[in-house]
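Read-outs throughout are calculated quantities, based only on the coordinates presented, and are distinct from any laboratory measurement. Keep in mind it's a predicted model, so treat the numbers as computed, not measured. Cβ coordinates were reconstructed from backbone atoms using ideal geometry, including for glycine residues, and neighbour counts include every protein chain displayed.
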Amino acid sequence: MGSRSVAQLLIIGLILVCWLESAPAAGITIKAAGEGIYGIDVAALDDIAVVDLEVGYDALSFDAPRIERGTALPSDVSLITNTAIPGELRMILKRSRAITASGRIAVLRFQPIGETPGRLLSAHARLITTKGVSHALPVGVVNAQPKPSVGPGSITDKISGGTGSPSPLDTAAGDMTPSPVASGGSGSRNTPGDRYAGRGGADATVTFADSSPGEAKPAAAPPGSPSPAATPAVPDMASQPAEQAATRATADQARAVPAQTIVYGRVLDRFRDARGEISAAALVALFTPLAGQKVTQQPQVAISDGRTVVTLMVELPRSFEGTPVFAVTSAKTLSWEQGGEGTWMVRVLPDIDTLDAEFVVYFGESLIQYPLVVAPALTRLPGGAPALDEAGFALFLKERARDGKPRFDLNGDGTRDYRDDYLFTANFIARGRQTAGAPAQSPTRSDN
């Protein structure tokens, strides 16, 4: 190859690198545009099938949320909204062919209540490409500034572009470009030609710009944590047989709300909410699936060892005739196929050592969100564990009540709590499969 050809290749490579560096990163900005009003803007969305945005807000200062279409959203894109749970809202964009958009896609409006200015507390988003690959999407949030005296140079004046009034909602206003604060997070999977690969991180990829630089910001609720309004009644296992306790502990944690949204609770949360005297039988029973679940998995409990494949059986309404969109977090989708009428079989591989893999199916104007029942192998955890048999289970529960530093702190966090109970019980079930009927006579421990 001649020196001229080498020079040409170097120039082409340099131009390509400069172009890639200057290409705008895909992301969402949610910016205050007036009292109780936020504009939702996107940048550089291309080749997208689904955008799923969840926002947490201060329900003591904001009421009656509603989401309106923005001018940059193509008219044939479905806008699915759920504002039924106080303090939470969800917006989903979906189209059978690729979505390409930049600018104002939606307007979020609240009714301010009380004396304290309202604010957004959390935001996470994910996108699904037309190839079926799920990525976290960076989110930038700009809350409203305190009301100053209106005049040249005031905060209100700067936000509104110098007019002293809120910025127009029919334009893609916003001086804050969301920037990823994490990359390569769980649940993203790089494929050739995927322009979003590596740009998003975990679902909590969010940048906040708040009212006062020194003001403490409320912690965003972690993904999957139930809202106060959606938390089921705390089960009391001491006052009933194990079978009844399990029924009560698993009493429909799936919440069906307007916009055909079904969100199932985590088994780990059942362990957290359990109270009273708990036996090995009751702990095992907490893994029992809910009656009538629209999504079930095999194996019932999977070890996230990087090898165990989980098969999900999804039941959709027979009236739905299209092809659903599947998305996973902290896992990889291996394959899917349609079974009988309204049923789909999806095979996924959870990430190694994950505890929080999640599956979402979008269909029509609806979605179902299901947390996979997974746990790391005990051999991968820092705390030692007894044998995964009945005698080992008895010893595990007995040592939980020991004074001082407890044994079998499986996750090594210095505390023996419901997380350790979950990890041991999950491995116990996964090892035996037949242990769905747990030891009938086994020691118990009490949280009282």
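Between THR71 and ASP389, the simple spin-label model (points 7 angstrom out along Cα→Cβ) gives 7.3 nm. Backbone geometry of segment 72-85 corresponds, through the Karplus equation with coefficients 6.51, -1.76 and 1.60 at θ = phi - 60°, to 3J(HN,Hα) couplings of 8, 8, x, 5, 8, 8, 6, 10, 9, 10, 9, 10, 6, 9 Hz, x marking Gly and Pro.
Of the chymotrypsin sites (Phe, Trp or Tyr not before Pro) found in segment 253-329, those that fall in a DSSP loop while having at most 16 other beta-carbon atoms within 10 Å are PHE320.
Length gain on complete extension for the stretch THR308 to THR323, per 0.36 nm per residue less the alpha carbon to alpha carbon distance? Computed gain between THR308 and THR323 is 2.8 nm.
Counted by neighbouring Cβ atoms within 10 Å, the residues HIS124, HIS135 run from fewest to most as HIS124, HIS135. As a rough guide to protection, the peptides 29-40, 413-424 ranked by mean Cβ packing within 10 Å, highest first, stand as 29-40, 413-424. Counting every other Cβ atom within 10 Å of each residue's Cβ, THR323, THR308 order from fewest to most as THR323, THR308.
Counted by Cβ distance under 13 Å from GLU315, the other residues give a net charge of +1, where Lys and Arg count +1 and Asp and Glu count -1. Available extension along the chain between SER78 and SER102 is 7.0 nm, counting 0.36 nm per residue and deducting the alpha carbon span.
Going by neighbour counts of Cβ atoms within 10 Å, the residues THR100, THR288, THR261 line up, fewest first, as THR100, THR288, THR261.
Students often get this wrong: which residues of segment 25-67 have the backbone nitrogen under 12 Å from the point 7 angstrom along Cα-to-C-beta of ARG95? Answer for this model: 45-51. List residues of segment 91-112, by number, whose backbone nitrogen lies under 18 Å from a label position 7 Å along Cα→C-beta of ASP63. Counting only backbone N, you get 109-112.
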